[in-house]
């Protein structure tokens with residue numbers, strides 16, 4: 001995945017830094033060894049997918065466009081709270097949810 005990203009011209013972004021002797025210096029007080037390849041912002045509009053090809057016994061990379069962010073309220077925090085209240089276990093709106101029972105002490 002890293003090799004494919006670098007071959008596509010991907011630079012430093014987020015939690016990874018790509019060292020480059022011909023790159024940019026992040027701060028004037030740092031030495032030449034800190035030069036890095038800046039982010040290629042054009043790659044923000046794609047997702048790099050890696051797949052194993054068993055027939056060829058090799059990996060291949062392809063890109064795809066990101067999906068739109070869902071419009072619902074199905075964020076982890078919301079669904080976890082529903083799970084903890086057991087409301088996800090209702091069969092219909094009239095049913096009283098069964099309580100969540102933890103096997104751990106203090107919960």
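The values are calculated or read from the model by the stated rules, or taken from the named source; none is laboratory data. Fair warning: this is a prediction, and the values are worked out from it, not measured in the lab. In this analysis, Cβ positions are derived from the backbone assuming ideal geometry, glycine residues included, and neighbour counts consider all displayed protein chains.
On the given criteria, is residue 38 assigned to a loop (DSSP other than H, G, I, E, B), under 13 Å from residue 10 (Cβ atoms) and free of Cβ contacts under 8 Å to residues at least 40 places away in the same chain?
Working: assigned to a loop (DSSP other than H, G, I, E, B): yes; under 13 Å from residue 10 (Cβ atoms): yes; free of Cβ contacts under 8 Å to residues at least 40 places away in the same chain: yes.
Yes; evaluated as a whole, the condition is true for this residue.
Scanning segment 54-107 for residues that are over 30 Å from residue 2 (Cβ atoms) and touching a helix residue (DSSP H, G or I) at 6+ places or on another chain (Cβ under 6 Å), which turns out modelled with the lowest pLDDT?
Within segment 54-107, the match that is modelled with the lowest pLDDT is 100.
Looking at 14, 9, can you tell me which residue is surrounded by 10 or more Cβ atoms within 10 Å (Cβ to Cβ) and at positive phi?
Details: 14 fails: surrounded by 10 or more Cβ atoms within 10 Å (Cβ to Cβ).
Of the residues listed, the single one that is surrounded by 10 or more Cβ atoms within 10 Å (Cβ to Cβ) and at positive phi is 9.
Are any of the residues in segment 4-22 assigned to a strand (DSSP E or B) and over 26 Å from the mean Cα position of the chain (by Cα)? First the steps, then the outcome.
Let us first name the residues in segment 4-22 that are assigned to a strand (DSSP E or B), namely 13, 16, 19-22.
From the residues that got through so far, the ones that are over 26 Å from the mean Cα position of the chain (by Cα) too are 21-22.
Among the residues of segment 4-22, at least one is assigned to a strand (DSSP E or B) and over 26 Å from the mean Cα position of the chain (by Cα), which makes the answer yes.
Please specify each residue of segment 56-77 satisfying the condition of being assigned to a strand (DSSP E or B) and exposed (fewer than 10 other Cβ atoms within 10 Å of the Cβ). Full working, then the answer.
Here is the first cut: in segment 56-77, the ones assigned to a strand (DSSP E or B) are 58-64.
Answer for segment 56-77, where residues must be assigned to a strand (DSSP E or B) and exposed (fewer than 10 other Cβ atoms within 10 Å of the Cβ): 58, 64.
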